[in-house]
């Protein structure tokens with residue numbers, strides 16, 4: 001009788017036990033296509049707008065400063081007058097050079113007329129060959145004198161032009177380094193300018209983010225002056241030894257931010273990532289579970305880090321376990337949970 005009751009109890013218990021085993025073997029999980037689970041995170045790097053030209057405009061001639069018509073902080077156009085230097089001495093030198101050129105031309109004209117007369121006389125036998133050769137030499141010397149006088153006049157004209165110091169580009173006046181009444185010497189700085197037309201963004205990018213910056217298709221500068229779109233120009237191959245960063249240079253689309261503006265360059269990853277909550281650890285490696293025909297397969301994510309979104313390299317139609325993965329084992333049957 002005892003054997004009968006034991007068998008009956010086993011028979012009644014077995015279906016429930018089998019159901020528990022079946023449930024444990026095929027837990028209900030939530031599965032989604034990879035395309036619905038991934039996202040494209042944004043990265044950022046500290047950045048600053050920098051002018052390509054920070055120039056200290058210097059005097060090229062000696063003279064007393066007569067006027068500085070620009071003010072600090074003022075925006076000036078290319079060719080605008082920055083400094084006016086007293087030019088009277090250089091104007092006098094130009095007049096002397098002009099007069100010297102006129103005299104050289106007159107002497108040359110007279111020598112050429114004498115040469116033509118000598119040739120005419122020599123053709124009739126009234127002028128010796130030696131005298132004719134002397135006339136030709138005189139003409140060549142006077143032509144050289146004329147060329148020299150012309151070069152001196154051009155130099156004097158250039159000196160007069162240098163009396164007016166002009167802006168070499170559209171710029172913002174940073175500093176007045178000379179003062180009215182001071183004596184300017186060649187090479188002495190007069191005005192500090194910042195190029196307002198050629199401004200780039202310099203970003204310090206972490207070494208691990210450099211590749212994603214290159215592969216992105218959209219970049220923004222967010223900082224002083226608001227948000228502006230950018231275009232990537234280049235990423236330096238040189239690595240800063242202390243910070244372990246590389247410098248990226250980008251240009252503004254449209255009106256640039258002011259030189260010196262600070263902020264951040266923000267870009268979106270071009271490679272898909274999965275949220276950190278989906279990543280689990282199995283046998284010392286981080287990865288996710290993929291549903292392959294009702295069986296959970298552990299897929300290792302190379303380079304994944306604990307608690308951070310992980311880049312994934314699966315096909316967009318891969319079926320990813322997004323809930324219930326914490327208790328899964330590789331090769332374990334799974335069944336989608338009913339919604």
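The values are calculated or read from the model by the stated rules, or taken from the named source; none is laboratory data. Just so it is clear, the structure is predicted and the values come from calculations on it, not from any experiment. Don't worry about glycine lacking a Cβ; one is built from the backbone with ideal geometry, like all the others, and counts go over all protein chains shown.
Take residue 137 and tell me if it is touching a strand residue (DSSP E or B) at 6+ places or on another chain (Cβ under 9 Å) and surrounded by fewer than 17 Cβ atoms within 10 Å (Cβ to Cβ). When the stated conditions are applied, residue 137 does not pass them.
Of 67, 28, which residue is loosely packed, with under 15 Cβ neighbours inside 10 Å and either within 30 Å of residue 287 (Cα to Cα) or at pLDDT below 85 (or both)?
So the residue among 67, 28 that is loosely packed, with under 15 Cβ neighbours inside 10 Å and either within 30 Å of residue 287 (Cα to Cα) or at pLDDT below 85 (or both) is 28.
In a residue-by-residue description of region 81-91, the property of being surrounded by fewer than 16 Cβ atoms within 10 Å (Cβ to Cβ) and at pLDDT 95 or above applies to at least one position.
Please go through region 29-70 and give me each residue that is part of a strand (DSSP E or B) and either in the same structural domain as residue 290 (by TED's automatic domain parsing) or closer than 17 Å to residue 274 by Cα (or both), ordered by number. Give the derivation first.
Start the filter on region 29-70 by keeping residues that are part of a strand (DSSP E or B), which leaves 29-33, 39, 42-51, 54-58, 63-67.
29, 30, 31, 32, 33, 39, 42, 43 - these are the residues of region 29-70 that are part of a strand (DSSP E or B) and either in the same structural domain as residue 290 (by TED's automatic domain parsing) or closer than 17 Å to residue 274 by Cα (or both).
Can you say whether residue 235 is surrounded by 19 or more Cβ atoms within 10 Å (Cβ to Cβ) and either under 30 Å from residue 71 (Cα atoms) or touching a residue at least 12 places away in the same chain (Cβ under 8 Å) (or both), as far as the supplied structure shows? Considered against the rule, which asks whether it is surrounded by 19 or more Cβ atoms within 10 Å (Cβ to Cβ) and either under 30 Å from residue 71 (Cα atoms) or touching a residue at least 12 places away in the same chain (Cβ under 8 Å) (or both), residue 235 comes out as no.
Would you confirm, using the coordinates I've provided, whether residue 175 is over 30 Å from residue 104 (Cα atoms), more than 17 Å from the chain's Cα centre (by Cα) and surrounded by fewer than 17 Cβ atoms within 10 Å (Cβ to Cβ)? Yes; evaluated as a whole, the condition is true for this residue. Summed over region 286-334, residues that are more than 40 Å from the chain's Cα centre (by Cα) and on the phi > 0 side of the Ramachandran plot total 4. You will find that of 105, 119, the residue that is touching a residue at least 24 places away in the same chain (Cβ under 8 Å) and in a helix (DSSP H, G or I) is 105 and no other. Condition test on residue 335, is it in contact with a helix residue (DSSP H, G or I) (Cβ under 6 Å, 6 or more places away or on another chain) and surrounded by 12 or more Cβ atoms within 10 Å (Cβ to Cβ)? Here the answer is no, as residue 335 does not meet what is asked. Of the strands (runs of 3 or more DSSP E) that lie entirely inside region 225-332, not one contains 2 or more residues that are modelled with pLDDT of 90 or more, over 21 Å from residue 46 (Cβ atoms) and out of contact with any strand residue (DSSP E or B) (no Cβ under 7 Å at 6 or more places or on another chain).
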